[in-house]
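To start, the structure itself, in structure tokens.
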Amino acid sequence: MHTNLRPARLPSQRGLIALIAAIQFVYLLDFMLLLPLGPDVAHALQFPADRLSWLSAAYTLASVVAGLASLRLLDRYRRKPALLLCFGALTLCTVLAGLATDLWMLLWARALTGLFGGPATALAMALVIDATPPQRRGAAIGKVMLGFSLAVVTGIPAALELARLGHWSLPFFCLSGLAALVWLLAVRWLPLAAPPERTPGDIAWFALLKNPALRTACLIQAGNQFSCFLIIPVFSAFFIFNLEYPRDRLGSLYLLGGLSAMLAMQVCGRVTDRYGPLLPVALASCGFAAGLTPLLGWHGLPLALVFILFMSANAGRNVSLAAGISQLPAPQERARFLALQSMAQDLAITLAALSTTLLLGVDDAGKISGMPWLALLAILSALLPLAGLWRLRQQSAAASAA
């Protein structure tokens, strides 16, 4: 009997990038959701605002554990089944976060989400890098990382409005529904490519750390995440509690910041492809420092402009560093390197959360104290990626000469 069944058509590179960008959107929004919602969550679950950084630490510590467990496996098996497993579990854990009734239950839910979030995003980015020529990876990663901008432009304002009109948990339930839809699309459209060819001796993940360039790349990303996550978990709380910014205008503020971040990421991605990452990262670091001036006690710039500077500079720096580093690992070690890099970032975020806990407090008026010291530490640590990029350039020149 003749049948006319055809296999599902694989997506074009644009379609693949769009699907991975949707996965990045869900992952990043899931990770960032509690940051702007921090004041609402702290009020509803009745815990001090200076403990908001604990939630980031729970997520990232669990992600480190998952990274250690999966480093030997990520490049052994097909990307699609592993990604579907991790992303599906992330979706279920997002539902658990929305069901939390106290701080400790929420901490456990975020830790479970972190167990699957790190490997999921490493596998997703590896799929894009595998399918993109080196000379076009900056632009491709910039498009994938539009998920960050879209999360800020649409996801965060929508979540803030849902929490304001309903309950803080409502955004988590809506996000889990969206994640389920993206998972179904990934089942249908992700290519089932064979795992990269392996070479003898490349199974041990710690061998990656013997490569000076890969080691420096991990330190670069760790310094980058440490500097920004000193600030991000408490930024909205600082605006509301210390600067008395209206809660009902917070969504509009994130909308402006997300739009500027979207533009900055595209510009920085293309500049990185043409000139390398050092120039855009240096410029973005200057904007990052300017965005922290209110935390240092100087209020010469409008708050909206300060927020736009911080968001766009941070997003531009992220995409430039990701594009510049993406060409370092070989194809057969790419997913493991991205997982190792994710672990370094998660450890840095955990260290940032610990630093935030030590430096900040809440005074009798309900305002967060210690912000100038935190901002100064963030500005100084923002110089680490620049020093690392300079070191990578020297290592590349020495390798070429050899």
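Please treat every number below as a calculation from the coordinates, not as lab data. Quick caveat: nothing in here was measured; it's all calculated off a predicted structure. Positions of Cβ are generated from backbone atoms using ideal geometry, with glycine treated the same way; all protein chains shown enter the neighbour counts.
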So how far apart, in nm, are the two label points at Tyr275 and Leu358 if each is 7 Å from Cα heading toward Cβ? 3.7
Treat the chain as a sphere of radius equal to its Kirkwood radius over Cα pairs and apply Stokes-Einstein at 20 °C in a medium of 1.002 mPa s; give the translational diffusion coefficient in µm²/s, rounded to a whole number. 100
Anchor Lys143: lysines whose Cα lies under 30 Å away (excluding residues fewer than 8 positions away in-chain): Lys80
Exposure proxy check on Cys174, Cys86: fewest-to-most Cβ neighbours within 10 Å is Cys174, Cys86
Most mobile listed residue (Phe288, Phe87, Phe241) in the chain, GNM with C-alpha springs under 10 Å: Phe241
Under the rule of at least 5 residues apart or a separate chain, name every residue whose amide H is placed under 5 Å from the amide H of Val362. Ser369
Mean Cα-pair separation over length for region 247-402, i.e. relative contact order, pairs under 8 Å, 6 or more apart, %: 27
Relative contact order, percent, the chain [alpha-carbon distance under 8 Å, six or more residues apart]: 28
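What list do you get for Tyr254, Tyr275 if you sort them by fewest beta carbons within 10 Å?
Numbers: Tyr254 26, Tyr275 11.
In increasing order of surrounding Cβ atoms, one gets Tyr275, Tyr254.
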At 222 nm, what value in deg cm²/dmol follows for the chain if DSSP H runs of at least 4 each add -39500 (n - 2.57) and the sum is divided by all its residues, to the nearest 500? -23000 deg cm²/dmol
Say we join alpha carbon atoms closer than 10 Å with springs in a Gaussian network model of the chain; which of Leu185, Leu34, Leu96 then has the biggest fluctuation? Leu185
If the elastic network links every pair of Cα atoms under 10 Å, which of Gln341, Gln24, Gln327 fluctuates the most in the Gaussian network model of the chain? Gln327
